[in-house]
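The next block holds one structure in the form of structure tokens; read it before the comments.
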Amino acid sequence: TGNRATPTATVKAGGKTLVQGVDFDVVTYDKVPGPASAIIKGIGLYEGEINTNYKIILNNMGTVKVASQSATSIKLTWNKVPYADKYNVYYTHGGKQITKSVTTESITVTSLTPGTKYTFKVEAEDVISGKSAAKEAAETA
């Protein structure tokens with residue numbers, strides 16, 4: 001669950017930038033990631049309305065943290081992203097791009113080569129809008 005997404009709008013009339021909540025309101029009923037629409041309605045001296053479309057994206061992931069590591073494994077953790085269906089973890093091992101998907105906010109990657117620097121990229125994904133901004137953590141196993 002999440003709060004209704006209320007987009008911020010910039011509206012101009014006759015060269016004047018109007019104030020949201022004073023000169024106009026934004027009405028939207030969409031709250032999940034993906035395509036969304038809003039109605040901008042004039043208030044007071046400003047009348048009329050206009051429909052507009054926009055896209056609700058997943059929240060930023062925040063920081064990927066190294067919870068623990070050994071010579072051959074590493075455990076990464078991150079904060080939950082509302083509406084994320086899964087998290088994709090990307091890294092290169094032995095010259096090959098590896099992708100692992102998890103549905104929780106952590107992963108333990110094993111069978112790493114000792115003394116090798118790895119860069120892990122974690123991406124939240126939902127089935128409607130796609131992926132969020134990704135975060136990276138670089139560590140040496």
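The values are calculated or read from the model by the stated rules, or taken from the named source; none is laboratory data. Predicted model only: the values in this text are computed from it and were never measured. Cβ coordinates were reconstructed from backbone atoms using ideal geometry, including for glycine residues, and neighbour counts include every protein chain displayed. Only protein heavy atoms, including side chains, enter the accessible area calculation; ligands, DNA and RNA are left aside. Shrake-Rupley method; radii C 1.70, N 1.55, O 1.52, S 1.80 Å.
Derived scalar couplings between HN and Hα for the stretch 34-43 equal x, x, 9, 9, 9, 10, 9, 10, x, 10 Hz in order, rounded to whole Hz, by the Karplus curve 6.51 cos²θ - 1.76 cosθ + 1.60 (θ = phi - 60°), x for Gly and Pro. Accessible surface comparison of E123, E49, probe 1.4 Å, protein chains only, largest first: the order is E49, E123.
Projected onto their three principal axes, the Cα atoms of the stretch 68-126 cover extents of 36, 23, 13 Å, largest first. In loop segments of the stretch 14-84 as defined by DSSP, the chymotrypsin sites (Phe, Trp or Tyr not before Pro) with at most 12 further C-beta atoms inside 10 Å of their C-beta are Y29. Taking a Cβ cut-off of under 12 Å around G42, the surrounding Lys, Arg, Asp and Glu residues balance to a net charge of -3, with basic ones at +1 and acidic ones at -1. Annotation note: trypsin sites (Lys or Arg not before Pro) in the stretch 58-113 located in DSSP loop regions with a Cβ neighbour count of at most 16 within 10 Å are K80. Do the alpha carbons of any pairs in K75/K96; K31/K117; K65/K96; K41/K80; K86/K117; K12/K86 sit beyond 31 Å of each other, and which pairs? Flagged as over cut-off: K31/K117; K41/K80; K12/K86. Between amide H atoms placed 1.01 Å from N, distances below 5 Å from I56 occur with G34, A36, all of them 5 or more places distant or on a separate chain.
From the square roots a ≥ b ≥ c of the eigenvalues of the alpha-carbon gyration tensor of the stretch 11-132, which class results: rounded (a/c under 1.5), prolate (a/b over b/c), or oblate?
Judged from the Cα gyration tensor, the stretch 11-132 comes out prolate (a/c at least 1.5, a/b above b/c).
Each DSSP beta bridge with both residues in the stretch 14-90 is either parallel or antiparallel, and the antiparallel ones are about 95%.
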